[in-house]
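The values are calculated or read from the model by the stated rules, or taken from the named source; none is laboratory data. All values reported here derive from a predicted model rather than from experimental measurement. Here the Cβ positions follow ideal geometry from the backbone for every residue, glycine too, while neighbour counts run over all protein chains shown. With ligands, DNA and RNA removed, areas are computed over all heavy atoms of the protein, side chains included. Shrake-Rupley method; radii C 1.70, N 1.55, O 1.52, S 1.80 Å.
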Amino acid sequence: MDWWNPAIAVAGLLVGVVVGLTGMGGGALMTPVLVFFFGISPLAAVSSDVVASFFMKPIGGLVHLRRGTVHLGLVTWLCVGSVPGAFAGVLLLRLLGSGEDLQEVLLVALGVVLVLASLSMVAKSYLKLLARERRRATGHPEAPETSLTRVPVRRLVTVLVGAGGGLVVGMTSVGAGSLMIVTLLLLYPSMKAGQLVGTDLVQAVPLVASASVGHILFGDFTLGLTGSVLVGAIPGVWLGAQVSSHSPGGLVRRALAIVLLASGAKLLGASTSTVLGIVVAALVAGAGGWAWVRSRHGLAPLVWQQRRRAAPGRAGRAGHVTPIAPVE
C-alpha cells in the first residue's frame, strides 16, 4: 500500500464522525469496514486499527481529566489487568501461527465480539432505564453527584475485568469501550455515566498503547494503512463531537447496535439474505420490544411521546418549574 489511500481516509472520516457522535464504535466499525470493503486481511486490519486508536483515545481522555470525571484509582487497577492482557492478546495471535488458519480465527473472534458489543449496547441502555426509574421513584429525576474519591475500588474483580478486556482488544481491536463500559456499569452503579466513560477512556490509553506495541512487533502493522485511517478519523471525531450536542444521539446508537450485529453475523459466516433478515428483525422487533420495555418502566413508548408528555411540566405554575427527567 502507498503512504495513504484516499478511499480508506473517507471511511475513517465516516467512522470518526460516528465515534464523535456516540463515544463508541471505532474498532467495532473500522475493522469490519477494512475487511469487507477494502479486502484488507483481518490481522492487518486489527493491527492498523489498534495503532490508529492509540492516537485517538487520548483526545477524549484529556477532556475528561480536565472535567474531573476520571476515577484515577479505578484507572490504575484496570490497567494492572488490561496492559498485560492486551499484550498477551497479541502474543496469543502470534502463537496461533499465520496464514489462513489465523485469519479464520480472527474472523470468528471479531464476529463474536461484535455481536457481544451490540448486545452490550442494548444492556447499557436498559441499565440506564432502570436507574432513571429508581430516581423517579425516590423523587430525584437527576442522578445525585457522586464524589469519585468516595467510590471504593473492588480491586480483584476490577483487575480481572481489565485483563479480559485487554485480551479481547489485543486480539480484535474491539471492546475497550463497548464491552468494558457495561461491566463497569454493573460493578460501580453509584458512578454517573460521564464518570464511567471518562474513566474508561483514560484507562484505554495505556491499554491501547500496550496492544499497539505488540502489533508493531508481532502483528501485521502497515504505516500506510494506519495513516490513511488517521487522516480521516481524527477530523471525523472532532466533527462528530461538535454535532453530537445537536443530534439525536440515542437514534445513532441504536443504528450502530444494528450495524454491529449485522457485521458480526456476516463475519461468522451468515449469508447476505440471513444478514438482511437479521437487520429487518432487529429494526421491527427491536423497536417494538424497546417501546414495550419503556412503557413497562413508566415512560411513553416513544421518545417524542415522552417529550410531549413532559412539555406541560416545563412551564408549570407561574414562578415554578417542574424538573423533567431526561429521556432517551
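Within the range 72-124, the set of residues being farther than 13 Å from L167 by Cβ, of a type in the set (S, T, N, Q) and in contact with a Pro (Cβ under 8 Å, 6 or more places away or on another chain) comprises just one member, Q103. Residues in the range 140-163 that are in a helix (DSSP H, G or I) and at pLDDT below 90 were compared, and the one that is least open to solvent (accessible area, probe 1.4 Å) is L148. In the range 219-237, the residues that are within 13 Å of A11 (Cβ to Cβ) form Cβ pairs under 6 Å with partners that are assigned to a loop (DSSP other than H, G, I, E, B) and at pLDDT 85 or above, at six or more places apart or across chains, as follows: S228/N5.
Being within 17 Å of L43 (Cα to Cα) and buried (at least 23 other Cβ atoms within 10 Å of the Cβ) holds for only one residue in V174, V213, and it is V174.
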